[in-house]
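S.K.: Structure below; questions to follow.
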Amino acid sequence: MFKVLTLNNIAVEGLRRLPRERYEVASEIAHPEAILLRSHNMHDMDIPDTVAAIGRAGAGTNNIPIDAMSARGVPVFNAPGANANAVKELAIAGMLIGARNLCNAREYVSSLTEVGDALNKAVEAGKKQFVGFELPGKALGVLGLGAIGVEVANAALDLGMRVDGFDPSITVRNAWQLSSGVEQEETLDQLFQHADFVTVHVPLLDATRNIVNGDRIALMNDNAVLINFARGGVVDDAAALAALDSGKLHAYVTDFPTPELIAHPKVVALPHLGASTAEAEENCAIMVAENVKDYLENGNIRHSVNFPEARLPRLDAWRVTVANANVPNMVGQISTHIADAGLNIEDLLNKSVGDFAYTIVDVNKEPTEELLKEISEIDGVLTLRNLGKPVT
């Protein structure tokens, strides 16, 4: 029986992927093997040593102590692309809201106290201050061409916009899905030059913090609109506010409010609505639950932010998995210990990414506790799991 701790409400359809006969799932549970969450901040949490996997039902993982979990050999899973349509729709809505001054217009109408003909006159008299502009023919820069960025770029093309994209790490899969009508720029500055809109779709990393700064905003066309449904911190908010005051920016639409942003009349600050649809929450929960389940039962890794993709079909064999530092001769040492114990390796997979590696080994006999101890004591091994034979 696997124990799973939930730190937030997880969509029921996701939890149904964890069969009750094999999984105990609760918001309070001792010695969990896995944790599922959405926005809960885990940085100050005392994470039990029993935890073997963490699943974030969403894309961003900055609320999880990734480095600490990596050092413990614990993969952190997320759900990239599961919320792509929800965020795409909101990004398009953000462009329309910013271009047509819809929020300020609504506030104006809400402030009116007239009735009858007087109300009609007030409406007609006030509307000229909210004159906006249309999207067709305008230049959109899409920063980040992951699942969300690709969908935004393609949708903007359908609206008649001229679309440029920038992502030096675009995957082959996303490149295939990106419309040929999207111009991929070679530098970040080129993306901003002469842009009427820029929408940001990158994770918050050291390399992306304040990636949208004053110098880059200055490259945009006057009266431009900036959209951020990615992460707080990727836009230099002080620079955005200064650009709003100078007229360089017409509007700034963001999902990450601060007191300074809320107070500015040209900022549309939303309460982190990016993936807040029933469909997105369900899709994210299903994806992360299935991947955590596959890891707990089979040792396979898919959509982890800190360990490599590693999937090996199950044989009628005993399976051992090893998470380790990415150092030379690790597979050789593991194989030697297995051979010295008189076991044959029936299948093996080793993958690495950055400083970490992961090995799945299927052997023909049940490994002894002595063998498992020997492997776990190899210098550089972070964690070892004995998964036994497949569950039928």
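The values are calculated or read from the model by the stated rules, or taken from the named source; none is laboratory data. Just so it is clear, the model here is predicted, and its values are computed rather than measured. In this analysis, Cβ positions are derived from the backbone assuming ideal geometry, glycine residues included, and neighbour counts consider all displayed protein chains.
S.K.: Provide a single number: the residues in region 3-26 that are β-branched (V, I, T) and either surrounded by fewer than 20 Cβ atoms within 10 Å (Cβ to Cβ) or at positive phi (or both).
M.R.: Of the residues in that region, 2 qualify.
S.K.: Within region 208-256, restricting attention to residues that are at positive phi and either without any contact (Cβ under 8 Å) to a residue 12 or more places away in the chain or of a type outside the set (S, T, N, Q) (or both), which residue is surrounded by the most Cβ atoms within 10 Å (Cβ to Cβ)?
M.R.: G233
S.K.: Given the conditions (1) in contact with a His (Cβ under 9 Å, 6 or more places away or on another chain); (2) more than 19 Å from S39 (Cβ to Cβ), and given that A263 satisfies all but one, which numbered condition is not satisfied?
M.R.: (1)
S.K.: Do the conditions hold for I29, that is, is it surrounded by fewer than 20 Cβ atoms within 10 Å (Cβ to Cβ), aliphatic (A, V, I, L, M), within 26 Å of R231 (Cβ to Cβ) and modelled with pLDDT of 95 or more?
M.R.: no
S.K.: So, one more: Find the residue count for region 367-389, including only residues that are in a strand (DSSP E or B) and either modelled with pLDDT under 95 or closer than 30 Å to D67 by Cβ (or both). So that I can check it myself, show each step before the final result.
M.R.: Residues of region 367-389 that are in a strand (DSSP E or B), as a first pass: 381-388.
Okay, now just the ones that are also either modelled with pLDDT under 95 or closer than 30 Å to D67 by Cβ (or both), so 381-387.
Residues flagged as in a strand (DSSP E or B) and either modelled with pLDDT under 95 or closer than 30 Å to D67 by Cβ (or both) within region 367-389 amount to 7.
S.K.: Take E369 and decide whether it is among the charged types (D, E, K, R), surrounded by 16 or more Cβ atoms within 10 Å (Cβ to Cβ) and out of contact with any strand residue (DSSP E or B) (no Cβ under 7 Å at 6 or more places or on another chain).
M.R.: no
S.K.: When only residues in region 64-109 that are acidic (D, E) and at pLDDT 95 or above count, which is nearest to S39 (Cα to Cα)?
M.R.: Ranking the candidates gives D67 first.
S.K.: Next question. Which residues, taken from region 166-207, are part of a helix (DSSP H, G or I), crowded, with 17+ Cβ neighbours inside 10 Å and under 18 Å from the mean Cα position of the chain (by Cα)?
M.R.: Result: N174, single match.
S.K.: Separate question: Within region 208-245, which residues are in a loop (DSSP other than H, G, I, E, B) and basic (K, R)?
M.R.: Answer for region 208-245, where residues must be in a loop (DSSP other than H, G, I, E, B) and basic (K, R): R209, R231.
Rundown of residues vs (1) of a type outside the set (A, V, I, L, M, F, W, C); (2) farther than 15 Å from I227 by Cβ, yes/no style:
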{"position": "I47", "(1), (2)": "no, yes"}
{"position": "R56", "(1), (2)": "yes, yes"}
{"position": "N63", "(1), (2)": "yes, yes"}
{"position": "D67", "(1), (2)": "yes, yes"}
{"position": "A71", "(1), (2)": "no, yes"}
{"position": "N83", "(1), (2)": "yes, yes"}
{"position": "I97", "(1), (2)": "no, no"}
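S.K.: Also: With the requirement that a residue be part of a loop (DSSP other than H, G, I, E, B) and without any contact (Cβ under 8 Å) to a residue 60 or more places away in the chain, what does region 17-37 give you? Spell out the reasoning first.
M.R.: Kept after step one, since they are part of a loop (DSSP other than H, G, I, E, B), are these residues of region 17-37: 17-22, 27-33.
Once the filter is applied, which keeps residues that are part of a loop (DSSP other than H, G, I, E, B) and without any contact (Cβ under 8 Å) to a residue 60 or more places away in the chain, region 17-37 yields P19, R20, E21, S27, E28, I29, A30, H31, P32.
S.K.: Could you tell me whether any residue of region 293-309 is surrounded by fewer than 19 Cβ atoms within 10 Å (Cβ to Cβ), assigned to a loop (DSSP other than H, G, I, E, B), modelled with pLDDT of 95 or more and more than 24 Å from the chain's Cα centre (by Cα)?
M.R.: no
S.K.: What number goes with the only condition from (1) at pLDDT below 95; (2) within 15 Å of V225 (Cα to Cα) that L241 does not pass?
M.R.: So the condition that L241 fails would be (1).
S.K.: Moving to a separate point now. Please determine, by comparing only the residues of region 99-146 that are among the aliphatic types (A, V, I, L, M) and more than 30 Å from A230 (Cβ to Cβ), which one is surrounded by the most Cβ atoms within 10 Å (Cβ to Cβ).
M.R.: Per the stated criteria, the residue is A122.
S.K.: A further question on this structure: Mind counting the residues in region 83-132 that are farther than 30 Å from V152 by Cβ and not in a helix (DSSP H, G or I)?
M.R.: Total meeting the criteria: 4.
S.K.: Follow-up. Can you pull out the residues in region 148-164 that are surrounded by 23 or more Cβ atoms within 10 Å (Cβ to Cβ) and closer than 23 Å to A79 by Cα?
M.R.: Residues satisfying the conditions are I148, G149, V150, E151, V152, A153.
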